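Asks: Handing you this structure, nothing more for now.
Please treat every number below as a calculation from the coordinates, not as lab data. Predicted model only: the values in this text are computed from it and were never measured. Note that we place each Cβ from the backbone using ideal geometry, even for glycine, and neighbour counts take in every protein chain shown.
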Amino acid sequence: MSESVIDRLRALCLALPEATERVSHGEPAWFVRRAPQFATLADHHHDDRLSFWAAAPAGAQQDWVRRDEERFFVPPYVGGRGWVGVYLDVPQDWRDLADIVEEAYRTVAPKTLIARLDAGE
């Protein structure tokens, strides 16, 4: 099951303009070009849960966690910078996950790439 979940996450991330994937801290991570990073998998690396962490605009982390603490959390290390954690070992609405991934990308991507995303490229 986890491989198909990871494949779905990977597809969401790599569908964004000039998104790339490489290993960072032993986990698949997604970047805008070579940097900055906008999401990373957390496959039982920091706890016993499968999850991913994503950059988030101001206030979004608190909104997601407040919405459902069974699905969303404040991740270690990057949580203080507003990133949101998303558990992948519980049922998720993949429309929410697509929104989180896109917002993560928009949070760190340059305006030229955001314009390409808005244009449907």
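Asks: What value, in deg cm²/dmol to 500, does the helix sum -39500 (n - 2.57) over DSSP H runs of n ≥ 4 give at 222 nm once divided by the residues of the chain?
Replies: -11000 deg cm²/dmol
Asks: What percent does the relative contact order of the chain come to when contacts are Cα pairs within less than 8 Å and at least six residues apart?
Replies: Value for the chain: 24 percent.
Asks: If you don't mind, another one. How much length, in nm to one decimal, is gained on full extension between ILE6 and HIS25, taken as 0.36 nm per residue of separation minus their Cα-Cα distance?
Replies: Stretched out fully, the ILE6 to HIS25 stretch lengthens by 5.2 nm.
Asks: What are the ³J(HN,Hα) values, in whole Hz, obtained from phi via the Karplus relation 6.51 cos²θ - 1.76 cosθ + 1.60 with θ = phi - 60°, for each residue of region 25-33 in sequence order, with x given for Gly and Pro?
Replies: 6, x, 10, x, 9, 10, 10, 8, 6
Asks: Hey, rough spin-label estimate for ASP93 and THR112, points 7 angstrom out along Cα→Cβ, what's it come to in nanometres?
Replies: 3.7
Asks: Whose amide H sits under 5 Å from the amide H of TRP83, counting only residues 5 or more places off or on another chain, with H placed in the peptide plane?
Replies: ALA56
Asks: Filter the DSSP H helices in the chain by two things, a Kyte-Doolittle mean of at least 0.0 and an axial alpha-carbon span of 15 angstrom or more, and list the hits by number.
Replies: 2-14
Asks: A follow-up question, please. Cβ neighbours within 10 Å, averaged per peptide: list 20-33, 98-111 in order, most packed at the top.
Replies: 98-111, 20-33
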